[in-house]
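One structure is given here, and the rest of the page talks about it.
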Amino acid sequence: MASSAGVPAARLRDRARGALLGLAVGDALGAPAENLLPSEIRARWGRITGYVAERPAGTDDTEYALFSGLLLARHGSALTPAHVEAAWHEHIADRAEGPFRGAGFSERGTLENLRRGLAAPVSAQHRHAWSDGLAMRAAPFGVFAAGRPAEAARLVAIDGSVSHEGEGIHGGRAVAAGVAAAMAGAAPVAVVAAALAVVPDDSWTARTLRRATAAARRGERAVRSAVVIGGYPWADLAPEAVALAFGAYAAADGDFRAAVLTAVNMGRDADTTAAVAGALAGATRGVAAVPEEWATAIGPARGSCLPSMAGRHVLDVADLLLTAAETERRAAGEPRVEVVRPVADARADVARPGPGGVRSDAPADYVLTADAADEGEAGA
């Protein structure tokens, strides 16, 4: 049976679960290496090839992805900034749980603004609106809008309006679009093209994405050198973290293990870069690509960052997102999405900006028929 996204329903579920489990695994693998240099990682563990924590678990990346995924499953394409703002108040800002213990500076700034009575998008006006805090929770939007990168980017920007601006929004849009393309069977080069197509061509995010993915053929060190600003203390820059994640994914040609470990061993904001690389590779190769010894360590969220997410599991949220998307399409009486095949070499077709710098000539959908999906999986 084929889904309304044009991909067999079982395969779509496989990719959705791969994306969100991949995110959680990458988060847990990368957390011990967060804010470290590659040399510091090597001094402590040699090359990281698996979990180095005694009790591996997801951090803010996983729990905020759960939070945004559940919100999206509830509201779907009708999601508004008011919905997002209300959810932040209900589940985070207005809860009497003692000192804030979740996420980074962008979330802290957002919560301070919300508690002062500011509403989105003014609540996003703080000193860290450029962070990767939206990118880390963007994968569920690509799962929901499978095969529709532009729609995934639109929805994640709505979610981000409460907490991010500028490059922070661009980073989230790139990740959501990339996952949406991968969900429909796009090859890694087309996944990168989908990400570039939804951000302004002259943005910092676009420039670092191009540099990282161009350097990917030369390996891990080249990717890191292409985008990291030496000596800059904040590792949570969205243009840097998103580019490192896509660079790791491109260097691995979508292979899950290689993509995630490349991101982990580059250090910097390693939990986020590995989470994003894991989401992209998981959506590309499916849940079976996640090594069993890594997958079995991921249980329900502990609520260490967002207590309201305790007990939630990424696999359940992946299923909820697919159900919500299919229910919405059926209620609207929409026909199956038409097939749009990515260009043969998307790298040659990603530099033509449209109005506002965002490419207007890029394929809106990377949706495959069942035959095309089989063709795309031949090397998986």
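The values are calculated or read from the model by the stated rules, or taken from the named source; none is laboratory data. Computed from a predicted structure; not experimentally measured. Positions of Cβ are generated from backbone atoms using ideal geometry, with glycine treated the same way; all protein chains shown enter the neighbour counts.
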**Message:** Being within 30 Å of Arg108 (Cα to Cα), charged (D, E, K, R) and under 14 Å from the mean Cα position of the chain (by Cα): is that true of Arg173 here?
**Reply:** yes
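Do we have Ala87 as within 23 Å of the chain's Cα centre (by Cα), assigned to a loop (DSSP other than H, G, I, E, B), surrounded by 15 or more Cβ atoms within 10 Å (Cβ to Cβ) and modelled with pLDDT under 95 here? First the steps, then the outcome.
On the way: within 23 Å of the chain's Cα centre (by Cα): yes; assigned to a loop (DSSP other than H, G, I, E, B): no; surrounded by 15 or more Cβ atoms within 10 Å (Cβ to Cβ): yes; modelled with pLDDT under 95: yes.
In short, no.
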**Message:** It is to be established whether one or more residues within segment 170-192 are of a type outside the set (S, T, N, Q), touching a helix residue (DSSP H, G or I) at 6+ places or on another chain (Cβ under 6 Å) and assigned to a loop (DSSP other than H, G, I, E, B).
**Reply:** yes
**Prompt:** Inside segment 248-270, can you point out the residues that are in a helix (DSSP H, G or I) and touching a Leu at 6+ places or on another chain (Cβ under 8 Å)?
**Reply:** Tyr249, Ala259, Val260, Leu261, Ala263, Val264, Ala270
**Asked** Taking segment 24-48 on its own, how many of its residues are in contact with a Lys or Arg (Cβ under 9 Å, 6 or more places away or on another chain) and either outside any loop (DSSP other than H, G, I, E, B) or loosely packed, with under 14 Cβ neighbours inside 10 Å (or both)?
**Response** 5
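Among the residues of segment 57-73, which ones are modelled with pLDDT of 95 or more and either within 20 Å of Arg154 (Cα to Cα) or not in a helix (DSSP H, G or I) (or both)?
Tyr64, Ala65, Leu66, Phe67, Ser68, Gly69, Leu70, Leu71, Leu72, Ala73
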**Message:** So the check is Cβ under 7 Å with 6+ separation or different chains; which pairs have a first residue in segment 92-114 that's over 11 Å from Leu306 (Cβ atoms) and a second one that's at pLDDT below 60 and of a type outside the set (D, E, K, R)?
**Reply:** Arg108/Phe100; Leu111/Phe100
**Request:** For Ala281, state whether it is touching a helix residue (DSSP H, G or I) at 6+ places or on another chain (Cβ under 9 Å), of a type outside the set (Ser, Thr, Tyr) and closer than 17 Å to Gly18 by Cα.
**Result:** yes
**Request:** Those residues that are among the charged types (D, E, K, R) and touching a residue at least 60 places away in the same chain (Cβ under 8 Å), I need them from segment 241-284; list them, please.
**Result:** Asp253, Arg268, Asp269, Asp271
**Message:** Going by what's in this entry, would Gly278 be described as part of a helix (DSSP H, G or I), among the small types (Gly, Ala, Ser) and either modelled with pLDDT under 95 or farther than 19 Å from Gly168 by Cβ (or both)?
**Reply:** yes
**Asked** Which numbered condition trips up Gly76, out of (1) at pLDDT 95 or above; (2) part of a helix (DSSP H, G or I); (3) loosely packed, with under 14 Cβ neighbours inside 10 Å?
**Response** (3)
**Prompt:** Quick one: is Glu240 under 19 Å from Ala274 (Cα atoms) and acidic (Asp, Glu)?
**Reply:** yes
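In this structure, does Ala245 turn out to be within 17 Å of Met136 (Cα to Cα), touching a Gly at 6+ places or on another chain (Cβ under 9 Å) and either surrounded by 24 or more Cβ atoms within 10 Å (Cβ to Cβ) or at pLDDT 95 or above (or both)? Even if it seems obvious, please write down each step before you answer.
Values: within 17 Å of Met136 (Cα to Cα): yes; touching a Gly at 6+ places or on another chain (Cβ under 9 Å): yes; either surrounded by 24 or more Cβ atoms within 10 Å (Cβ to Cβ) or at pLDDT 95 or above (or both): yes.
So Ala245 passes the test.
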**Message:** Quick check on segment 185-242: of everything there that is under 20 Å from Asn265 (Cβ atoms) and among the basic types (Lys, Arg), which residue is surrounded by the most Cβ atoms within 10 Å (Cβ to Cβ)?
**Reply:** Arg224
**Message:** Here is a check on your reading of the model: is Val156 in contact (Cβ under 8 Å) with a residue 12 or more places away in the chain, under 25 Å from Ala216 (Cα atoms) and assigned to a helix (DSSP H, G or I)?
**Reply:** no
